[in-house]
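Scroll down for the structure; my scribbles are underneath it.
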Amino acid sequence: MRIRAYLTKDGNTGRTKGLSPKRPMRDMRHMAGKLCAQLIVLGLFLAVFGMPTGIVLYFVYWVVPLFSVFPLLIRLRIATEHYSDLLHHDCPALFVSRTSLSNWAEAYLIGAHMEYHMEHHLYPNIPYFQLKRFHRLLDERGFFAGYDGEIAHFLSGGYIAFWRRLLFRRGGAL
């Protein structure tokens, strides 16, 4: 069985796992669920801290980070997964995507289930929970073996390690 079919098909039904066509009703339920979650969080703040303090703390510790810290983390993650010095040169066959083999703290705070980002770009229909398994299959089959000097193009070693290399490098390409 081919790798993609093995990772994306349900063994019982033969249907593709993790994918469904976009449906307006499903999107509406998703947005309603997000709104309910926000109301629950606001309600918890109000229940614990009272009326005026709860609202202020909700905005200070929930809404403000949503529009300040969250975009920063997303930007750091996207740059880690897609930045290359080769983007500054005329390179028509450039494919820049990187797997961030990070520790549990980085994966929890920054990862958002996209640590195996290069694998996601190779086969976007593989559900995120199968990407680690796909990475192991690629490694077992020698996919990364021929790139010893250029392994940083595919594996970042984690978000913090990538940014440390990027900010404190001395002349070498990334």
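The values are calculated or read from the model by the stated rules, or taken from the named source; none is laboratory data. Note that the structure is a prediction, hence the values are computed from the model and not measured. Glycine also receives a Cβ, built like all others from the backbone with ideal geometry; neighbour counts cover every protein chain displayed.
Per the conditions (1) of a type in the set (Phe, Trp, Tyr); (2) within 15 Å of Trp163 (Cβ to Cβ); (3) within 10 Å of the chain's Cα centre (by Cα), the sole criterion not satisfied by Tyr83 is (3).
Within the range 98-122, how many residues are assigned to a helix (DSSP H, G or I) and of a type outside the set (Ser, Thr, Tyr)?
Number of matching residues: 13.
Each row is one residue, and each column tells you yes or no for (1) in a strand (DSSP E or B); (2) within 20 Å of the chain's Cα centre (by Cα); (3) modelled with pLDDT under 90; (4) surrounded by 14 or more Cβ atoms within 10 Å (Cβ to Cβ).
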position	(1), (2), (3), (4)
Asn12	no, no, yes, no
Arg26	no, no, yes, no
Ala37	no, no, no, no
Ile40	no, no, no, no
Leu44	no, no, no, no
Gly54	no, no, no, yes
Leu57	no, no, no, yes
Leu73	no, yes, yes, yes
Leu76	no, yes, yes, yes
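If the condition is being surrounded by 12 or more Cβ atoms within 10 Å (Cβ to Cβ), in a helix (DSSP H, G or I) and over 10 Å from the mean Cα position of the chain (by Cα), then the range 123-135 contributes Gln130, Leu131, Lys132, Arg133, Phe134, His135. It is to be established whether one or more residues within the range 95-117 are more than 17 Å from the chain's Cα centre (by Cα) and either more than 30 Å from Ile40 (Cα to Cα) or at pLDDT 85 or above (or both). Within the range 95-117 (the criterion being more than 17 Å from the chain's Cα centre (by Cα) and either more than 30 Å from Ile40 (Cα to Cα) or at pLDDT 85 or above (or both)), the answer is yes, since at least one residue qualifies. All conditions in (1) touching a Leu at 6+ places or on another chain (Cβ under 6 Å); (2) loosely packed, with under 12 Cβ neighbours inside 10 Å hold for Leu86, with the sole exception of (2). The residues on offer are Glu119, Glu106, and the sole one that is touching a strand residue (DSSP E or B) at 6+ places or on another chain (Cβ under 8 Å) and surrounded by 13 or more Cβ atoms within 10 Å (Cβ to Cβ) is Glu119. Only residues that are of a type in the set (Ser, Thr, Tyr) and farther than 24 Å from Ile110 by Cα were counted in the range 31-87, giving 1.
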